[in-house]
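See below for the structure under consideration.
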Amino acid sequence: MKNADKYSRQYFLPPVDCFDWVRKDHIAKPPVWCSVDLRDGNQALIEPMSLEEKLEFFKLLVEIGFKEIEIGFPAASETEFDLARALIERNMIPEDVTIQVLTQAREHIIRKTFEAVKGAPRAIVHLYNSTSVAQREQVFRKTKEQILGMAVDGAKLLKELADGTDGRFLFEYSPESFHGTEVEYALEVCNAVLDVWQPSAERPSVINVPATVETAMPHVFASQIEYLSRNLHHREHVMLSLHPHNDRGCGVSDAELGLLAGADRVEGTIFGNGERTGNVDIVTLAMNMFSYGVDPGLDFSDMPRIRSVYERLTQMRVHERQPYAGDLVFSAFSGSHQDAIAKGMSWRQEKGQTTWNVPYLPIDPEDVGRTYDSDVIRINSQSGKGGVSYILSRNFSVSLPMKMREDVGYTVKQVSDEQHRELTPADVYEIFQDNYITNTPVFFIPECHFTQTEHGIMAESVINAGGRKSTIQANGNGRLDAVSNTIKQFFGISYELSVYEEHSLSQGSSSKAIAYVGISYNGSAYWGAGIDEDIIKASINALVVAVNKLSAILDSGSIKDDRLISMLNYIQANYRAVTLESMAENFHLSTPYLSKFIKDKSGKTFGEHVTEIRMKAAKTLLKNTNITVESVAERVGYPNVEHFSRTFKKFFEMTPVQYRNRRQQPSQTVKPQ
């Protein structure tokens, strides 16, 4: 940029190195907090608060826990004078709260100030005058000695008027524009004022260091504060206070490093309101301490309400990114961040952790009155599987299987992307319901009956496809497997049941359960979910939704006619001994016609249908029994065990023994029986 050469550093370093503060890594205890919202904050408003608004704001500050509150500059404004009188005359000042009033080091202003605080149970009279080189030379055109004399004269008058005014008064002095003041000179003025006041344990004084215009880096300010702290007169009876502004954006850092350097007190405003770029934000300062396990002594547990009152009274807006208080400060839209937060919350619950250490969340949002569902995990087109899964789990008790989360995440993300908006938890559940629970465009199963057989479970499923009902029979090694086989038989398709999980949604005798089913088809995964009081019904519904997504059944032409269905059911019921001839006789057809009919209508030969059913039955027996391979062969219709073994190997690419041995190993797929 042009014109950089017209600027220079406008601060002064201490005459000696002051770096003891560097050895400290945290603030061990909170400072004394003094709110200056009703003075510095109010004077920065486009439309200053009315008397009644100030009284309400004062009550808010008391509720938060401030014990020292600067209420204004009584000599500069009739409203601020009236505020002081209203608080005193209406007995609105709690016993443990001290009000503070500001005054320049000018006689008539000081006298007017004491009129305002007459009768105060406890008040700090805050005296200030500018000491910087720029103010001395350009504004007051006075020497160092004259500026020091103004401060001393003001200090003497404060002491005199305090002794003659009803009330209890303490004193505070600020060398205004401290950053532009030689540090040794600022110390000289402060000590001259303290020598007038002679602070004691019963009547301590405050030396307040205002970074009126922040021109120094925080570490420089800390060294300046350490120098003052080492060299102030009557240090044991002096409260060293900080009053940082935020011109360089470092107000919080100024205060934190200043406290490490020896300061005891901080003046600031909530949410950092103040002239130009504002005063130091006490909310951020206090919550930073809170995040380190230090109770700041201020209560921001209902941050939304505090913010609401503040915005209403000041007509200022707390920015969405304002630390700890903004709408978006806890929000995670990024998929990887949401996933980490969700896993962190889950880990915290599993381990019973009491210490907070969740990724991307410096504090628990609930500690400041925020909620996880609306403030933390928020869903838009940038979100991922972790955030969507967390929303479903926390709000609707839907705990998606790990492998299903990516599919659901992409489905939800796509909706947000297409609609260009953030999705609420209700939106997310509606999308999940529409795509994974009720999505049955081709068929559904309204009724299903089961029979236990020596080969497993025989399912008789009523499949409603396009309004036409068909009853299909098939065996399986469990109820869901048997139902799955009826679907495969009806549509003439093949897929694998790859994932099954279930859990309850509520407690009690009428509680509902949710089942999740994943199937593999042509190298891709398809998912469904079902909810019912009967877990078997829930499982079947989940399977049906998953199968409805297959491209192979979206063509209604894949639905079998009633005559073929009857034939396939006949094969299923008689697969052990059925022959083409016996079946032709049963259906009163010629053998050649029957053979051609089955091939043309189903795409498979009679022999292929029989072999497929026998092989599935053999798998069930090998899995669920310890009978010999010879016995398995005989039970499924193969008198010759060698023929059976060759057929099994051709069908499954492994021998019956190899299959049995593999099935005895731990399996990742759990299916309902």
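Quick one: order T371, T131 from most to least accessible surface, probe 1.4 Å.
Numbers: T371 55, T131 0 Å².
Largest accessible area first, the list is T371, T131.
Given the whole protein assembly as supplied and a 1.4 Å probe, what does the accessible area of D264 come to in Å², nearest 10?
50 Å²
Nearest 10 degrees is fine. How inclined is helix 251-260 to the longest principal axis of the chain, computing both from alpha carbons?
Around 70 degrees separate the two axes.
Please give the solvent-accessible surface of V610 in Å², to the nearest 10, using a probe radius of 1.4 Å with every protein chain present.
Here the accessible area works out near 10 Å².
Among the aspartates and glutamates, which fall within straight-line cross-link reach of K24, defined as a Cα-Cα distance under 17 Å, with same-chain neighbours fewer than 8 residues apart omitted?
Those aspartates and glutamates meeting the cut-off are E226, D254, E256, D264.
Against the empirical 2.2 N^0.38 Å scaling, what ratio does the C-alpha Rg of the chain come to?
Values: Rg = 40.1 Å, N = 673, 2.2 N^0.38 = 26.1 Å.
Taking N as the residue count of the chain, the ratio is 1.53.
Computing the accessible area with a 1.4 Å probe over protein heavy atoms, can you report the carbon and sulfur percentage for the chain? Intermediate results must be reported in sequence, preceding the final value.
On the way: 14580 of 31120 Å².
The computed percentage sits at 47.
Quick check: with the 1.4 Å probe, what order do R235, R479 take by accessible area, largest first? Write down the numbers at each step before the final one.
On the way: R235 55, R479 85 Å².
Order by accessible area, largest first: R479, R235.
Counting only protein chains, not ligands or nucleic acids, how are S551, S520, S130 ordered by accessible area (probe 1.4 Å), most first?
Details: S551 80, S520 45, S130 5 Å².
Reading off the accessible areas and sorting them downward yields S551, S520, S130.
How far is helix 402-419 tilted, in degrees, relative to the longest principal axis of the Cα atoms in the chain, given as a value from 0 to 90 rounded to the nearest 10?
Computed tilt is about 70 degrees.
For F450 and S291, FRET efficiency with R0 = 56 Å and r from the beta-carbon atoms, rounded to 0.05? Can you show the working numbers first?
On the way: r = 58 Å, r/R0 = 1.03.
With a Förster radius of 56 Å, E is 0.45.
May I ask for the distance between the Cα centers of the stretch 91-167 and the stretch 364-440, given as a whole number of Å?
Each part reduced to its Cα centre gives a spacing of 59 Å.
For the chain, take the longest principal axis of its alpha carbons; what is the angle in degrees between that and the long axis of helix 218-231, to the nearest 10 within 0 to 90?
40 degrees
Of all beta bridges DSSP finds with both residues in the chain, what is the antiparallel percent, to the nearest 5?
On the way: 37 of 76 bridges.
Approximately 50 percent, going by the DSSP bridge assignments.
So what is the relative contact order of the chain, in percent, for Cα pairs below 8 Å that sit 6 or more residues apart?
Value for the chain: 8 percent.
Return the whole-Å distance between the Cα centroid of the stretch 447-493 and the Cα centroid of the stretch 296-313.
62 Å
Distance from a point 7 Å along Cα→Cβ of D562 to each backbone N in the stretch 430-467: keep the residues under 12 Å and list them by number.
none
Counting heavy atoms of the protein chains only and a 1.4 Å probe, report the per residue accessible area for the chain as a whole number of Å². Walk me through the intermediate numbers first.
Values: 31120 Å² over 673 residues.
It amounts to 46 Å² per residue over the chain.
The values are calculated or read from the model by the stated rules, or taken from the named source; none is laboratory data. Predicted, not measured: the structure shown is a model, and the values here were computed from it. Ideal geometry is used to build each Cβ from the backbone, glycine not excepted, and the neighbour counts take in all protein chains shown. Note: accessible area is taken over every heavy atom of the protein model, side chains too, but ligands, DNA and RNA are not part of it. Shrake-Rupley method; radii C 1.70, N 1.55, O 1.52, S 1.80 Å.
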